[in-house]
Amino acid sequence: MKCFRIMRCIGLLTILGCFASSFLSAQSSSVSAEHFSSSVLASRVARLRHGINASEWFAQVYDKRGYTREHFQNWTTSEDVALMKSMGFDHVRLSVNPQPLMANHAPDEISAEYLGYLDAAVNMILDQGLSVVIDLHPDSDFKSRLAKEDTFVQEFADFWRALARHYSSWDRERVFFEILNEPEFTDRYRWYGVQARLAAAIRERAPQHTIIAAGARWSNDDELVFLEPLRDPNVIYNFHFYEPHIFTHQGATWGEYFWHWVKGLHYPSSPDSAAKVAPAVPDAVDRLAVIRYGQDHWDAERIDAEITQVAEWAQQHGVPLVCNEFGVYRAYVNPDDREAWIHDVRTVLERHGVGWTMWDYSGSFGVVTKKDGRSVPDEATLRALGLTRQAGK
């Protein structure tokens, strides 16, 4: 009798084992079926190879008068966009602050007048044969609310739904929607949920357009490596690259406070050159950051080590990848060092097949400088980007 019970238990375990094996196999197949590989058309990815950011036009407007008709019409003109085209850029990332557009508690009621200015800018870019990324680029207080307030996330989703509906009939091959510039989320998991919500709102009203997504914490490259791709196959993933910030943002009065003390820091880095700059930094901890920059030997190989990780992440997940911000603050850097860094980042990105968008057109990181009301291309920057301005343009 005991022997019979043992045999019956063994039989039941065998049956359960077979069932479990079949269940796990089916579950594995289900997971594979649900894995969203990219469906982004190669033609669209190819339109985002060599781009430029158009800043301080519809976002980051520091004029005390704010977002006015005069500003929209004069800050970036059709001549500027033609110059972008002539310098060899194939797309423009158009920063748009949603705050002036979002009516309080009625985010889906976008001002027709304001939207008309934005339409004119997008048309201006498209008319030159360029593609355009509509990049929602709010101030930090806006992003801080998204990181904490669920209701505000709903409002922003409603706004994106209305904006996507407006542009849903526009050229789906050349108009792209970027969910949010540099999310300021310390909680990566919350950002994943928020981004998924916003992407779904866009997709509801613009089913065919390609969306651009990012990792948390200011779109840093290591944040993208953490991210799991969205359950939407028509998405391109982006990261920003300013590493190391102590070089690219030296002298800047935003970001880390001590950066404004750092001036004349060289690239590639070396212990000797960093040691010459360090004494100008008053605080010992901040001086150590300068010394570490020299010891870390930042050069093309070091940059490649960083970007390789992101490129491998994209390859692993089978998703397209772009770097839609990189650049060096002009004011206090040696021009030759700036050119070398831009060249090294650009060539590493291209080696990995990653499209890029330089920051920016005419601002403090610009590829052009404004002289007597004219935009003058910086030949050194164009050289670093591997671009040549068309003769007579």
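The values are calculated or read from the model by the stated rules, or taken from the named source; none is laboratory data. Since we're looking at a predicted model, the values are computed, not measured. Neighbour counts run over all protein chains shown; Cβ positions are idealised from the backbone, glycine included. To get the accessible areas, we keep the full protein, side chains included, count just its heavy atoms, and leave off ligands, DNA and RNA. Shrake-Rupley method; radii C 1.70, N 1.55, O 1.52, S 1.80 Å.
For the reader, a short list of remarks on this structure follows.
- Per the Debye formula on identical point scatterers at the alpha carbon atoms of the stretch 219-269, with no solvent, log10 I(q)/I(0) at q = 0.18 Å⁻¹ is -0.68.
- GNM top mover of 166, 137, 209 - the chain, alpha-carbon springs below 10 Å: 166
- Taking every lysine pair in the stretch 241-393 that is 8 or more places apart or spans two chains, those with Cα atoms closer than 28 Å amount to 5.
- About the centre of its Cα atoms, the stretch 195-345 shows a dipole size close to 540 debye [charges on the beta carbon of Lys, Arg (+1) and Asp, Glu (-1) only; nearest 20 debye].
- Degrees, to the nearest 10: 335-351 long Cα axis against longest axis of the chain: 30 degrees
- When +1 charges are put on Lys and Arg Cβ atoms and -1 charges on Asp and Glu Cβ atoms, the dipole computed for the chain relative to its Cα centre reaches about 980 debye.
- When the square roots of the Cα gyration tensor eigenvalues are ordered a ≥ b ≥ c, the ratio a/c for the stretch 97-251 is under 1.5, which makes its shape rounded.
- Carbon and sulfur %, accessible surface of the stretch 108-222 computed with the full protein complex present, 1.4 Å: 43 percent
- The slack between residue 196 and residue 123, meaning 0.36 nm per residue of separation minus the straight C-alpha distance, is 23.4 nm.
- With the whole protein complex present, residue 148 retains an accessible surface near 150 Å², based on a 1.4 Å probe.
- Per residue, the accessible area of the stretch 103-178 comes to 41 Å², computed with a 1.4 Å probe over protein heavy atoms only.
- Crossing angle, helix 284-295 versus the chain [Cα axis fit, 0-90 degrees, rounded to tens]: 80 degrees
- Top positive-direction residue, dipole computed over the chain with Cβ charges, set 76, 201, 386: 201
- The chain: angle of helix 188-205 to the longest principal axis, Cα-based, in degrees nearest 10: 80 degrees
- Accessible surface of the stretch 239-323, 1.4 Å probe, proportion on carbon and sulfur as whole %: 52 percent
- Directionally averaged projected area (convex hull, Cα atoms, the chain), nm²: 26.4 nm²
- Averaging Cα coordinates gives a centre for the stretch 83-102 and one for the stretch 195-257; these two points are 17 Å apart.
- Most mobile of 282, 377, 320 in a GNM of the chain (Cα contacts under 10 Å): 282
- Cα-based shape type of the stretch 145-207, given that a ≥ b ≥ c are square roots of the gyration tensor eigenvalues and the cut on a/c is 1.5: prolate
- The GNM of the chain, with springs linking C-alpha atoms under 10 angstrom apart, assigns the highest mean-square fluctuation among 41, 349, 227 to 41.
- Helix-only mean residue ellipticity at 222 nm for the chain, each DSSP H run of n ≥ 4 adding -39500 (n - 2.57), per residue, nearest 500: -14500 deg cm²/dmol
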